[in-house]
Amino acid sequence: MTLSSETGHITSGDVRIHYRRFLSREASPGKMPALIVHGLSYFSYDWIEIAAALSQQREVVAIDLRGFGDSDRSPSGEYGLQAMSNDLIAVLDHLGWDQAALLGHSMGGRVCLCTAAWHPQRVGALMCLDFAPDVEAEGRRKVALRIGNQPDTFASIYEALAYHGHEGVSSDSPLYKRYAAFLRATDDGLVLKRDLHFRNSFREVLRTGKSQPAGVDLWAMLAGLSIPAEVLRGSTSDMLSRETLEKVHEVNARVSTREITGSHDLVSDNPQGLIEAITEFLTRL
């Protein structure tokens, strides 16, 4: 495979959005391109292997959401679903894509679902990866504790790894390199490439015991989908239950569902299974 890849930035509202673009010379012309949107504890770097594999068939772009990775932090603190959805449309406009298949993991799935509902003419297909409108309480609490208690800075990459439950990691391992890519050096230490806005929001959840409402009816959005759509669950996910997966099909019989081996962190647990599942879905378009 002869793979072409590049990175770039586009302006959307008050931020610049960073993207990674992949296209193989062997890709079939005319196939719908795909846009990958990461979750709350991830960034576009995590999707390089999967995006490269998918690009054997079509053009693929993975982005960093505003406030994440190498995209800008919003100076106005605007991280609502509408702003993030607008960023996706700005990326499509910049790339010259009239339509795209949206592939969203976790929080990225929420953003992609909203975008499909708000901009149906721009979204040709939707795949939500370990995301549905109901998030399991156990998984939600684990995320709140991990992100809400995150320190402002880390003294080293090893300290960041240890905080996230990774001990004994060698400096030449993929996991070490991943954390090195997701940390930025400052005068005070290393900071995660995720705006502390998200940490502070979870601190408020931990303090009050109340989750912030989504502000939109995600189930109604899912019920209204008429484009090809699928919700995929990791078999041991603590964020998306089998019961909720069944509810998805009950709410909208046009939305297919599937389960593959792995936890919520499907990118690390089962990248090949994820590639195969996404490829099968996109091939049906």
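Please treat every number below as a calculation from the coordinates, not as lab data. Everything numeric here is computed off the predicted structure, so don't read it as measured data. Positions of Cβ are generated from backbone atoms using ideal geometry, with glycine treated the same way; all protein chains shown enter the neighbour counts.
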Hits in the stretch 227-262 - residues which are without any contact (Cβ under 8 Å) to a residue 60 or more places away in the chain, part of a loop (DSSP other than H, G, I, E, B) and polar (S, T, N, Q): S235, T236, N252, T261
Subset of the stretch 119-132 (residues that are assigned to a loop (DSSP other than H, G, I, E, B) and either surrounded by 23 or more Cβ atoms within 10 Å (Cβ to Cβ) or under 16 Å from the mean Cα position of the chain (by Cα) (or both)): D130, F131, A132
Subset of the stretch 263-285 that is farther than 24 Å from G165 by Cβ and without any contact (Cβ under 8 Å) to a residue 24 or more places away in the chain - its residue that is surrounded by the fewest Cβ atoms within 10 Å (Cβ to Cβ): E280
Considering residues of the stretch 133-192 that are β-branched (V, I, T) and in a loop (DSSP other than H, G, I, E, B) only, the residue farthest from S237 (Cα to Cα): T153
Among (1) charged (D, E, K, R); (2) under 23 Å from R199 (Cα atoms); (3) part of a helix (DSSP H, G or I), the one test that R73 misses: (3)
Unmet requirement for L35, which otherwise passes all of (1) more than 23 Å from F131 (Cα to Cα); (2) assigned to a strand (DSSP E or B): (1)
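Please determine, by comparing only the residues of the stretch 113-147 that are touching an Asp or Glu at 6+ places or on another chain (Cβ under 8 Å) and in contact (Cβ under 8 Å) with a residue 40 or more places away in the chain, which one is nearest to D98 (Cα to Cα).
The residue in question is L126.
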Which listed residue, of I17, I50, is under 21 Å from T115 (Cα atoms) and not in a loop (DSSP other than H, G, I, E, B): I17
Selection within the stretch 189-216 - under 15 Å from G77 (Cβ atoms) and of a type in the set (S, T, Y): S201
Enumeration of residues in the stretch 256-285 that are within 12 Å of A132 (Cα to Cα) and either acidic (D, E) or touching a Pro at 6+ places or on another chain (Cβ under 9 Å) (or both): none
